Structure formats: C-alpha cells, structure tokens
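Everything on this sheet refers to the single structure shown next.
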Amino acid sequence: MKLAIIFLIVFILSTTLFAASNSSNYEIYVQKCSSCHGLEIIEKKQKTREQWKETIKRMEKYGAKFEGKQNQILEYLVNKK
Ligand code: HEC
C-alpha cells in the first residue's frame, strides 16, 4: 500500500515537471518566432531536426534574436505534431 502511494506521488510529480518544461519551450517559441510572421507557417511544416536547425539559422540572418534559446525552440519544433 505504501509503495502504491509512493508510485502515485512520483508519477504525479514527473508528469507535472514534464508538462512545465514543455510549456516553457513552447512559450519561448511563441515569443521568439511570432514577431515577423504568424505561427501558422511554422505549425504546418514538418521538418527533421537538421532542417529546423537550418531554418533557425536562416531566421537569425533575417535579424531574429534568439539569445541562446535556440535549443529550447528546436526541442519544441522537433516534438510538435
Ligand atoms: C526577424 C524576423 C523573423 C523571425 C523572428 C522569424 N522568422 Fe521565420 N521567416 C522570416 C522571413 C522573412 C521568412 C520568409 C522568407 C523565407 O522563407 O526564407 C520566414 C519564413 C519562415 C518559414 C517558412 C519557410 C520554411 O523554411 O519552411 C518558417 C517555417 C519559419 N520562418 C520559421 C521560423 C521559426 C521556427 C522562427 C523562430 C525560431 C522564426 N521563423 C522566426 C523571418 C523571421
């Protein structure tokens, strides 16, 4: 019984933490990627990790400032559906 409760607590904690880290990647992405164009053109694209890296670099050439948050944006883009 004790064990079941411990499992339950660990489960709840880990899903909460996972959701929190996911939403912050998403928030950074929304902040950084929506200033020049809408997010729709991004959401409808499916690209590989390498292609998204190239896209982020291209956006920087257009003047985007990602302030070292590229990896978090990349994680969101690679995992989005
Ligand atoms: C400084 C302005 C600017 C910012 C900020 C910006 N973009 Fe763009 N983006 C552009 C311009 C200009 C185009 C159209 C020219 C082109 O496609 O190269 C574009 C086009 C695109 C396209 C369509 C073309 C393609 O590669 O499939 C995607 C996807 C895209 N941007 C993704 C992003 C993502 C992801 C971010 C955030 C990491 C972002 N953009 C932030 C300027 C910007």
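Read the figures in this text as sums done on the coordinates, not as results from a lab. Keep in mind that this is a model prediction, so the values were computed, not measured.
Quick notes on this one:
- Those lysines that a straight Cα-Cα span of less than 27 Å connects to LYS47, excepting residues fewer than 8 apart in one chain: LYS32, LYS57, LYS61, LYS65, LYS69, LYS80, LYS81
- Between CYS36 and LYS69, the contour length at 0.36 nm per residue exceeds the alpha carbon distance by 10.2 nm.
- Normalising the Debye intensity of segment 27-81 to I(0), with uniform scatterers on Cα atoms only, and taking log10 at q = 0.15, 0.19, 0.25 Å⁻¹ returns -0.35, -0.59, -1.12.
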